[in-house]
1. Which ones in region 255-298 are over 23 Å from A218 (Cβ atoms) and touching a Lys or Arg at 6+ places or on another chain (Cβ under 6 Å)?
2. Of the residues A37, A101, A50, A18, only one is in contact (Cβ under 8 Å) with a residue 40 or more places away in the chain and either away from the ligand (no atom under 16 Å from the Cβ) or of a type in the set (D, E) (or both); which?
3. Scan region 178-218 residue by residue and report those that are of a type in the set (S, T, N, Q) and either surrounded by fewer than 24 Cβ atoms within 10 Å (Cβ to Cβ) or more than 15 Å from the ligand (Cβ to nearest atom) (or both).
4. Given the conditions (1) of a type outside the set (D, E, K, R); (2) closer than 30 Å to D83 by Cβ; (3) modelled with pLDDT under 90; (4) touching a helix residue (DSSP H, G or I) at 6+ places or on another chain (Cβ under 6 Å), which single one is not true for V231?
5. Have a look at F304, F293 and point out the one that is at pLDDT 75 or above and either basic (K, R) or assigned to a strand (DSSP E or B) (or both).
6. Is there any pair with a first residue in region 56-68 that is more than 18 Å from T186 (Cβ to Cβ) and a second that is of a type outside the set (V, I, T) and surrounded by 17 or more Cβ atoms within 10 Å (Cβ to Cβ) whose Cβ atoms are under 6 Å apart and which are 6 or more apart or on different chains, and what are they?
7. Of (1) more than 30 Å from the chain's Cα centre (by Cα); (2) of a type in the set (A, V, I, L, M, F, W, C); (3) surrounded by 15 or more Cβ atoms within 10 Å (Cβ to Cβ), M81 satisfies all except one. Which?
8. Looking at region 236-251, I want the residues that are touching a residue at least 24 places away in the same chain (Cβ under 8 Å) and have a partner that is exposed (fewer than 13 other Cβ atoms within 10 Å of the Cβ) with Cβ atoms under 6 Å, at least 6 apart or on another chain. Which pairs are those?
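The values are calculated or read from the model by the stated rules, or taken from the named source; none is laboratory data. Keep in mind it's a predicted model, so treat the numbers as computed, not measured. Backbone-built Cβ (ideal geometry, glycine too); neighbour counts: all protein chains shown.
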Amino acid sequence: MSALKINNLYRYFGNLQAVNGVTFEIPHGSVCGFVGANGAGKTTTMRILATLDYPTLGTAEVCGINVVHHPSEVRRLIGWMPDHFGNYEHMTVLEYLDFYARALGYKGKERRQRIQEVMDFTDLVPLADRFSNKLSKGMTQRLGLGRALLHDPQVLIMDEPAAGLDPKARIELKHLIRVLAKEGKTIFISSHILSELGEMCDSLLFINNGRIVHHGDAETLRQGSDVMGGVLYDVQVDGRPDAISDWCVLQQNVEFLEARKLGGRIRIDTEDPAKAADVLARMVKDGLRITEFHREQRNLEDAFIDILGRLDAGQPAVAPPPLPVVEGREDKA
Ligand SMILES: Nc1ncnc2c1ncn2[C@@H]1O[C@H](COP(=O)(O)OP(=O)(O)OP(=O)(O)O)[C@@H](O)[C@H]1O
């Protein structure tokens with residue numbers, strides 16, 4: 001059973017189709033990044049999962065429990081960290097967590113212990129007596145995370161937790177997310193900072209205009225294979241750079257993509273490194289003086305733009321690959 005499962009989900013606001021037939025599953029114990037432009041439908045999808053909104057059509061389940069039919073049960077399983085949350089004036093960090101722990105039904109010693117654990121984890125102990133509305137953005141996010149973790153949820157849903165954080169605070173947050181992932185929690189996190197998501201996520205889910213346009217792991221996206229239908233190589237020659245494009249015209253499984261100063265980018269129509277080695281050997285045999293031949297690592301922003309470009313060009317989005325199986329996941333630090 002998946003930790004999160006969304007099936008053919010729609011959410012309309014009047015005529016506006018905010019979520020438009022979204023389907024995906026996220027396995028237990030994995031970290032999934034949710035990526036999309038402003039207004040793509042991320043918050044709406046997350047709010048439905050967090051039982052704060054209703055779908056127009058379709059289903060959403062957390063650990064097999066339907067969010068519409070059993071919202072109270074779902075709330076016990078999830079920790080929700082919204083992109084903005086209100087702090088109360090004249091309430092210290094400790095009082096704030098105590099208030100929510102009471103609301104969650106914790107009593108006496110157990111409550112104090114749970115608050116202490118959360119404050120230790122989020123490094124809020126030195127801020128215990130600070131007014132919660134006088135915290136920096138990074139401290140506020142740690143308080144929000146602490147609040148979301150009070151009932152030790154299995155699944156954490158975080159909407160743009162890194163927005164507005166300075167680099168140090170982002171690194172601290174990333175560290176906390178890694179620790180939680182190592183503990184086996186399922187984490188669904190939206191962000192505009194793709195490079196950071198790539199480092200900590202087992203899979204990335206791209207949404208555009210309310211539709212899922214890609215679901216895959218970051219490494220495959222960087223290498224471009226499942227997006228581009230082949231593998232990209234950067235090739236440089238000693239001599240005429242356009243010798244590569246001339247050569248590619250005569251090949252069946254090699255496509256010339258763009259010229260560069262000393263050569264060009266090509267796509268080899270295979271995942272198999274041995275076949276790429278064959279292509280290189282043929283180039284050399286045919287007289288190209290190769291000075292560089294390496295598999296291209298694209299950044300995730302490029303991959304996202306590629307996917308959107310394919311959609312704009314009327315090409316179908318690539319079918320999602322099988323979901324990653326998370327067994328004995330390793331820390332990616
Ligand atoms: N309560 C609402 N009433 C009307 N329209 C809404 C409502 N909530 C969201 N929308 C619209 O639905 C679309 C999707 O919004 P959503 O907040 O889900 O996007 P998002 O991907 O989270 O964007 P951002 O990255 O800017 O937070 C947007 O066009 C937004 O204006």
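1. Matches in region 255-298: E255, E258.
2. The match here is A101.
3. T186, S191, S195, S203, N208, N209
4. The single condition V231 does not satisfy is (2).
5. It is F293.
6. T56/R11; G58/L9
7. The failed condition is (1).
8. Every condition considered, the pairs that remain are Q236/T291; Q236/E292; V237/R289; D238/R289; D238/T291; G239/R289.
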